[in-house]
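What follows is a single structure, written as structure tokens, with notes after it.
The values are calculated or read from the model by the stated rules, or taken from the named source; none is laboratory data. These numbers were taken from a predicted model, which means no experiment stands behind them. Here the Cβ positions follow ideal geometry from the backbone for every residue, glycine too, while neighbour counts run over all protein chains shown.
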Amino acid sequence: MIGFVFPGQNSHYVGMGRDLYEADGPSRAVLEVARRELGGDLLSVMFEGPEEALTRTENQQPAIVAHSLAALALVREAGIAPDFVAGHSLGEYSALTAAGCLAPEQVLPLVRFRGELMARAGDDAPGAMAAVLGLDAEPVREIVAGIEGAGTVVVANYNSPGQVVISGEVNAVEVAGAACREAGAKRVIALDVSGAFHSPLMEPATAPLIARLGETEFLPAAVPVVANVDARPHTDPEETRANLGTQMTSSVLWEQSVRWMIGEGVDRFVEIGPGTVLSKLIGRTDRGVATFSVDHPEDVSKLTAELGQGGV
């Protein structure tokens, strides 16, 4: 069985999507939707930068989704289809589009709006995020739960065994990070983000997003979408809306989602979009499954050759 997975924020890079656009065909058509819906400046920033402009949350989020959907168009053209789809945080919007819940014309303005909300929340309530490496999730949970007087800090992402991300107020993240080092973490790495994503500091962004989601038509998923908030499959449009609203301030259960799909028989994961972050996380979660990445046009022919007839 095959699972399609889609990357989230910080998988961007200057030049992303240029070769997909130049390849013409279905990938260019998707990127032209991005141009029509969001303006040509987005493609210019994707293809040429500057890095500072691309990194801005309100640009980065639609850029990553546009790239992912452009790459997906080539995978579909090759006749490869998934049994399940999932996305990491922002990537869940790409996954929902891959499942037929949303059209590119709907999802690209939606994620631009989401990025603007999250950037504004970060400006209004400055926060931080840090990756904790080499320490199991349970000790990290105990540490953030026991932080007193330093401020708000929570576990934002369960990425893979030995890699979780904490998020919250700047001082609280620093205090929790130091406690994680004392508890045996190999490294605690500050992340380059504009706010404390997947924490209570994103609460001001939640109500406007839920209102926008309520105005957006979602179709039933043609393929089960494994949601970040509960690591379980969903196809119902109302459940989808509720999950996306909850996702803003809840933990991303990525490791749990991957394990659930593997438990259902998925043994091949195809990461579609910029970078290979999710492929590495999946490999750390279970070395017994195969991972493939589709970032560039030539990756599709490699994928088809690797999967063979049994994967199409």
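Scanning the range 222-240 for residues that are small (Gly, Ala, Ser) and either touching a Gly at 6+ places or on another chain (Cβ under 8 Å) or assigned to a helix (DSSP H, G or I) (or both) turns up just one, Ala222. Report the residue count in the range 235-248 for those that are surrounded by fewer than 17 Cβ atoms within 10 Å (Cβ to Cβ) and either over 23 Å from Glu105 (Cβ atoms) or of a type in the set (Gly, Ala, Ser) (or both). Number satisfying all stated conditions: 2.
For Leu219, the requirement of being within 19 Å of Ala99 (Cα to Cα) and part of a loop (DSSP other than H, G, I, E, B) is met.
Taking the range 185-202 as the search range and keeping residues that are without any contact (Cβ under 8 Å) to a residue 60 or more places away in the chain and of a type outside the set (A, V, I, L, M), which one is nearest to Thr97 (Cα to Cα)? Applying the filter and picking the extreme gives Pro200. Among residues of the range 214-234 being on the phi < 0 side of the Ramachandran plot and free of Cβ contacts under 8 Å to residues at least 40 places away in the same chain, the one that is surrounded by the fewest Cβ atoms within 10 Å (Cβ to Cβ) is Glu215. The set of residues in the range 1-44 that are charged (D, E, K, R) and either at pLDDT 95 or above or at negative phi (or both) comprises Arg18, Asp19, Glu22, Arg28, Glu32, Arg35, Arg36, Glu37, Asp41. In the set (1) outside any helix (DSSP H, G or I); (2) under 18 Å from Gln61 (Cβ atoms); (3) touching a strand residue (DSSP E or B) at 6+ places or on another chain (Cβ under 7 Å); (4) not basic (Lys, Arg), the condition left unmet by Asn243 is number (1). For the range 89-171, the helices (runs of 4 or more DSSP H) that sit wholly inside it and include 2 or more residues that are modelled with pLDDT under 95 are 104-124, 137-146.
For (1) free of Cβ contacts under 8 Å to residues at least 60 places away in the same chain; (2) surrounded by 24 or more Cβ atoms within 10 Å (Cβ to Cβ); (3) in contact with a Cys (Cβ under 7 Å, 6 or more places away or on another chain), each residue gets a yes or a no:
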| site | (1), (2), (3) |
| --- | --- |
| Gln9 | no, no, no |
| Leu20 | no, yes, no |
| Ser27 | no, yes, no |
| Leu42 | yes, no, no |
| Met46 | yes, yes, no |
| Pro50 | yes, no, no |
| Ala78 | no, no, no |
| Leu90 | no, yes, no |
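Checking each residue in the range 121-133 for being of a type outside the set (A, V, I, L, M) and in contact with a helix residue (DSSP H, G or I) (Cβ under 7 Å, 6 or more places away or on another chain) picks out Asp124, Pro126, Gly127. Here Leu209 meets each of (1) in a helix (DSSP H, G or I); (2) farther than 26 Å from Leu54 by Cα; (3) within 19 Å of the chain's Cα centre (by Cα) with one exception, condition (2).
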